[in-house]
Amino acid sequence: MLSKIKKGDQVIVTTGRSKGVIGEVLRVRPKSGTAFVQGVNMVKRHTRPTQASEGGIIEKEAEINLSNLALIDPKDGKATRVGTKVLKDGKKVRYAKRSGEVLDA
């Protein structure tokens, strides 16, 4: 499954308990079709103390399915779908279908 959402993109959560939350994509896992988004789908992990870090309850992001995310249109800040097109110079880029604006510079 090829992902149209990439690391560093601004996305909005469309469904689930974090619906409506906007965040930046930290990591994408294309094979499993999931992504880690900053401040979204937070879970608590109880960790043991190690030499590198102290133990306790750590809150961190968990994976969220790519089907539950929509890219933010850079023009108006609303959710948009993503398409691909080939420019005149032969470069393949992603673009926001809502406004037609190119996402990859």
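Screening the range 44-98 for residues that are of a type in the set (D, E) and surrounded by 14 or more Cβ atoms within 10 Å (Cβ to Cβ) and picking the one that is farthest from K31 (Cα to Cα) gives D73. Against the conditions (1) under 22 Å from K6 (Cβ atoms); (2) in contact with an Asp or Glu (Cβ under 7 Å, 6 or more places away or on another chain); (3) not aliphatic (A, V, I, L, M), K60 satisfies every one except (2). Being farther than 26 Å from Y95 by Cβ and modelled with pLDDT under 95 is a description that applies to G55. Among the residues making up the range 1-48, those that are in contact (Cβ under 8 Å) with a residue 24 or more places away in the chain and among the small types (G, A, S) are S3, G16, S18, S32, G33, A35. Cβ-Cβ distances below 6 Å connect the following pairs, each with a first residue in the range 85-105 that is free of Cβ contacts under 8 Å to residues at least 40 places away in the same chain, a second residue that is among the small types (G, A, S), and a separation of six or more residues or different chains: Y95/G83; K97/G83.
The values are calculated or read from the model by the stated rules, or taken from the named source; none is laboratory data. Just so it is clear, the structure is predicted and the values come from calculations on it, not from any experiment. Positions of Cβ are backbone-derived with ideal geometry, glycine not excepted, and every protein chain shown enters the neighbour counts.
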